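Asker: Before we start, here is the structure in question, set down as structure tokens.
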Amino acid sequence: MFYHAKNGSVAIGNARMDYISFGSGRKNLVMIPGLGDALKTVKGSADIFAVAYRKFTKDFTVYIFGRKSPVEDGYSTRDMARDEAEAMKTLGISKASVMGVSQGGMIAQYFAIDYPGMVEKLVLAVTLSRPNDTVRSVVGRWIAMAESNDYKGIVIDTAEKSFSEKHIKKYRLLYPILCRVGRPKDFSRFIIQANSCIHHNAFHELEGIKCPTLVIGGDSDRVVGKDSSKEIAKKIPDSKLILYHGLGHAAFQEAKDFNSRVLEFLSSDA
């Protein structure tokens with residue numbers, strides 16, 4: 001296994017939550033992935049993530065938690081934060097830096113608000129704090145596709161909305177493969193989680209986040225809106241903002257210095 005990578009799961013009430021871990025650092029880092037978790041959890045992908053985030057493995061032991069399974073109707077991003085906290089406690093993780101991407105960033109906001117003693121530092125990437133017309137339109141379209149069992153439509157529209165034109169030209173070559181793998185047995189999990197994104201609203205509570213916070217976004221984000229990161233950074237006291245010019249929702253994948261800048265923030269004394 002690469003970088004001490006491990007796959008596991010924990011009990012959350014009558015459900016189970018898949019997670020992976022890797023790295024051998026003394027500090028803990030919890031990563032919370034986005035809506036893609038609703039189609040495929042992190043189960044079995046420890047080696048892949050360990051290689052992708054190998055920069056972190058010396059200083060941190062990294063944990064990536066999916067959402068529990070099954071999920072119930074009305075399952076909210078605040079409920080997801082509660083379950084993240086329970087999973088961490090079960091594994092004996094009393095405190096960690098937390099990085100949330102997209103929907104994961106929504107969950108991370110509530111985690112920092114509701115469990116401040118468990119958060120060392122916070123990274124919120126390509127996410128939003130309250131609903132806007134962009135996310136209602138885009139995610140609403142994905143929900144409609146899911147209700148019609150249109151997996152191909154979800155895969156292609158997600159890619160087209162997320163990546164820059166320069167990157168998407170290469171990505172389009174993979175569509176025939178991507179549209180055949182990873183299809184869920186049903187879309188109920190996806191629909192529930194997607195609805196939680198549309199209804200997420202932590203905006204008026206962001207001032208309660210007191211830990212050092214880094215907000216990262218793209219000024220061309222066509223999923224959560226181009227101004228969402230700036231809005232979050234303005235609301236969280238003393239937060240730092242990194243805004244990638246010309247990049248959108250996939251900035252965390254496209255920006256070559258993304259991991260380095262996150263690691264610099266997490267390792268600083270601030």
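The values are calculated or read from the model by the stated rules, or taken from the named source; none is laboratory data. As the structure is a prediction and not an experimental result, all values here were calculated from the model. Every residue, glycine as well, gets a Cβ built from its backbone with ideal geometry; the counts of neighbours run over all protein chains shown.
Asker: Of the conditions (1) surrounded by 17 or more Cβ atoms within 10 Å (Cβ to Cβ); (2) over 17 Å from residue 141 (Cα atoms), residue 170 clears all except one; give me its number.
Answerer: If we test residue 170 against (1) surrounded by 17 or more Cβ atoms within 10 Å (Cβ to Cβ); (2) over 17 Å from residue 141 (Cα atoms), just (1) comes out false.
Asker: Considering every residue within segment 124-133, establish whether at least one is more than 23 Å from residue 212 (Cβ to Cβ) and surrounded by 17 or more Cβ atoms within 10 Å (Cβ to Cβ).
Answerer: Taking every residue of segment 124-133 in turn, at least one turns out to be more than 23 Å from residue 212 (Cβ to Cβ) and surrounded by 17 or more Cβ atoms within 10 Å (Cβ to Cβ).
Asker: Residue check: is residue 232 touching a residue at least 24 places away in the same chain (Cβ under 8 Å), outside any strand (DSSP E or B), surrounded by 17 or more Cβ atoms within 10 Å (Cβ to Cβ) and of a type in the set (Val, Ile, Thr)?
Answerer: Yes, satisfied.
Asker: Determine whether residue 138 is within 17 Å of residue 35 (Cα to Cα), modelled with pLDDT of 95 or more and assigned to a helix (DSSP H, G or I).
Answerer: So residue 138 passes the test.
Asker: So, one more: Give the residue that is farthest from residue 262 (Cα to Cα), with candidates limited to residues of segment 195-229 that are surrounded by fewer than 15 Cβ atoms within 10 Å (Cβ to Cβ) and of a type in the set (D, E, K, R).
Answerer: 207
Asker: Looking only at residues that are among the aliphatic types (A, V, I, L, M) and part of a helix (DSSP H, G or I) in segment 237-270, which one is nearest to residue 139 (Cα to Cα)?
Answerer: 251
Asker: Quick test of your reading of the structure: residue 60 fulfils all but one of (1) at pLDDT 95 or above; (2) touching a Pro at 6+ places or on another chain (Cβ under 9 Å). Name the failing condition by number.
Answerer: Of (1) at pLDDT 95 or above; (2) touching a Pro at 6+ places or on another chain (Cβ under 9 Å), only one is false for residue 60: (2).
Asker: Oh, and also: In contact (Cβ under 8 Å) with a residue 60 or more places away in the chain, surrounded by 20 or more Cβ atoms within 10 Å (Cβ to Cβ) and at negative phi - does that describe any residue in segment 46-59?
Answerer: Yes: segment 46-59 contains one or more residues that are in contact (Cβ under 8 Å) with a residue 60 or more places away in the chain, surrounded by 20 or more Cβ atoms within 10 Å (Cβ to Cβ) and at negative phi.
Asker: Identify, from the list 11, 15, 52, 38, the residue that is under 23 Å from residue 195 (Cα atoms), out of contact with any helix residue (DSSP H, G or I) (no Cβ under 7 Å at 6 or more places or on another chain) and among the small types (Gly, Ala, Ser).
Answerer: 15 is the lone residue from the list that is under 23 Å from residue 195 (Cα atoms), out of contact with any helix residue (DSSP H, G or I) (no Cβ under 7 Å at 6 or more places or on another chain) and among the small types (Gly, Ala, Ser).
Asker: Tell me yes or no: at least one residue of segment 174-194 is part of a loop (DSSP other than H, G, I, E, B), touching a strand residue (DSSP E or B) at 6+ places or on another chain (Cβ under 9 Å) and surrounded by 15 or more Cβ atoms within 10 Å (Cβ to Cβ).
Answerer: No, segment 174-194 contains no residue that is part of a loop (DSSP other than H, G, I, E, B), touching a strand residue (DSSP E or B) at 6+ places or on another chain (Cβ under 9 Å) and surrounded by 15 or more Cβ atoms within 10 Å (Cβ to Cβ).
Asker: OK, next. Just to be sure I understand, how many residues within segment 47-79 are within 16 Å of the chain's Cα centre (by Cα) and acidic (Asp, Glu)?
Answerer: Total meeting the criteria: 1.
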